[in-house]
Amino acid sequence: MELLITPEATIRCLYDETLELTALGQPQIQRGSHVEPTTDGNWTADLSPVSGPLLGPFPRRSEALAAEVAWLEQHWLLSNS
């Protein structure tokens, strides 16, 4: 789990259960994307909750999830927004 601590003492991360976040304070958890099936059986990762693109389609859900994490790590986690 990668944590980014800003100069304002805000901690940003992609949530998983590796670390109990309440040990760092009161977490504010927000959805970063929606991984959903398409009508033809493929998968997309919609990153509009963080002003990102629609990724895909991918033939497997695991591929959409991997693309979602990669995009969030590169474009959201390290951004100033």
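The values are calculated or read from the model by the stated rules, or taken from the named source; none is laboratory data. Predicted model, so just to flag it, every value in this text is computed and none were measured. Please note: Cβ atoms are built from the backbone with ideal geometry, for glycine as well, and neighbour counts cover all protein chains shown. Only protein heavy atoms, including side chains, enter the accessible area calculation; ligands, DNA and RNA are left aside. Shrake-Rupley method; radii C 1.70, N 1.55, O 1.52, S 1.80 Å.
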(request) On the protein heavy atoms, probe 1.4 angstrom, tell me the percent of accessible surface of the chain carried by carbon and sulfur. (result) 50
(request) Any chance you could give the angle, 0 to 90 degrees and rounded to 10, that helix 61-71 forms with the longest Cα principal axis of the chain? (result) 40
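Would you mind computing Rg(Cα) / (2.2 N^0.38 Å) for the chain, counting N as its residues?
Working: Rg = 14.1 Å, N = 81, 2.2 N^0.38 = 11.7 Å.
Against the empirical 2.2 N^0.38 Å value, I get 1.21 for the chain.
Are there GluC sites (Glu not before Pro) in the stretch 37-81 that DSSP marks as loop and that have at most 11 other Cβ atoms within 10 Å, and which are they? Kindly include the intermediate steps, with their values, before the conclusion.
Working: sites: 63, 68, 73; in loops: none.
Filter output for the stretch 37-81: empty list.
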(message) Give me a comma-separated list of calculated 3J(HN,Hα) values for the stretch 6-14, in order, Karplus coefficients 6.51, -1.76, 1.60 applied at θ = phi - 60°, integers in Hz, x for any Gly or Pro.
(response) 7, x, 8, 6, 8, 9, 10, 6, 8
(message) Which of 21, 65, 47 ends up with the largest GNM mean-square fluctuation for the chain, with Cα atoms connected below 10 Å?
(response) 21
(request) Would you mind getting the accessible area per residue of the chain, heavy atoms of the protein chains only, 1.4 Å probe, in Å²? (result) 72
(request) State the extension gain, in nm to one decimal, for the chain segment bounded by residue 29 and residue 60, taking 0.36 nm per residue of separation less the distance between their alpha-carbons. (result) 8.5 nm
(message) Whole-Hz ³J(HN,Hα) for each residue in the stretch 51-59, computed from phi via Karplus 6.51 cos²θ - 1.76 cosθ + 1.60 with θ = phi - 60°, x for glycine and proline: what do you get?
(response) 6, x, x, 9, 9, x, x, 10, x
